[in-house]
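I have placed the structure first, in the form of structure tokens, so that the comments after it can refer back to it.
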Amino acid sequence: MKKKVFIIINEQHSMMDSQLEVIRKAFPYLDIAYKHVPATGWTLTDIRCICTHLIDETVVFVSPIPAMIKILMDVNGSDKTFVMHNDKREKKELPNGKVIMTVAKTGWQLV
């Protein structure tokens, strides 16, 4: 059975093609599986239980779950626990004239 990279992502979010490309390039030998975080989040008890199933697995956080990141870093280490990161921002002007900064579609990396 082929090993997997588990993507932790809020159920209300979606992956950008550029994010998936980074993950596929980093882990070409792994299948992708998703762990969708409910919009209401997980309790610490839920997080601990889910983490027991992710021991020795490769995990990428697209949506940050701080307690889960901490637990998996302690158990799996930095060679199996990754976070999606993007330094790039794009200016967007809203219809009311307000300018906001959003994360760019390109520039994603695993850290």
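The condition of being exposed (fewer than 13 other Cβ atoms within 10 Å of the Cβ), under 21 Å from Leu110 (Cβ atoms) and without any contact (Cβ under 8 Å) to a residue 12 or more places away in the chain holds for only one of Asp31, Asp56, Asp79, Asp87, that being Asp79. Return a yes/no flag: does segment 59-75 have any residue that is at pLDDT 90 or above, more than 26 Å from Asp17 (Cα to Cα), assigned to a helix (DSSP H, G or I) and charged (D, E, K, R). Yes - at least one qualifying residue is present in segment 59-75.
Scanning segment 47-58 for residues that are part of a loop (DSSP other than H, G, I, E, B) and among the hydrophobic types (A, V, I, L, M, F, W, C) yields Leu54, Ile55.
Do we have Ser14 as modelled with pLDDT under 95 and outside any loop (DSSP other than H, G, I, E, B) here? No; evaluated as a whole, the condition is false for this residue.
Here's the yes/no breakdown for (1) among the acidic types (Asp, Glu); (2) in contact with a strand residue (DSSP E or B) (Cβ under 7 Å, 6 or more places away or on another chain); (3) farther than 17 Å from Ile9 by Cα:
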residue	(1), (2), (3)
Cys51	no, no, no
Glu57	yes, yes, no
Val62	no, yes, no
Ala67	no, no, no
Thr81	no, yes, no
His85	no, yes, no
Glu90	yes, yes, yes
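Restricting attention to segment 79-93, the residues that are in a loop (DSSP other than H, G, I, E, B) and at pLDDT below 90 add up to 2.
The values are calculated or read from the model by the stated rules, or taken from the named source; none is laboratory data. Just so it is clear, the structure is predicted and the values come from calculations on it, not from any experiment. A quick note on method: Cβ atoms are made from the backbone with ideal geometry, for glycine too, and the neighbour counts reach across all protein chains shown.
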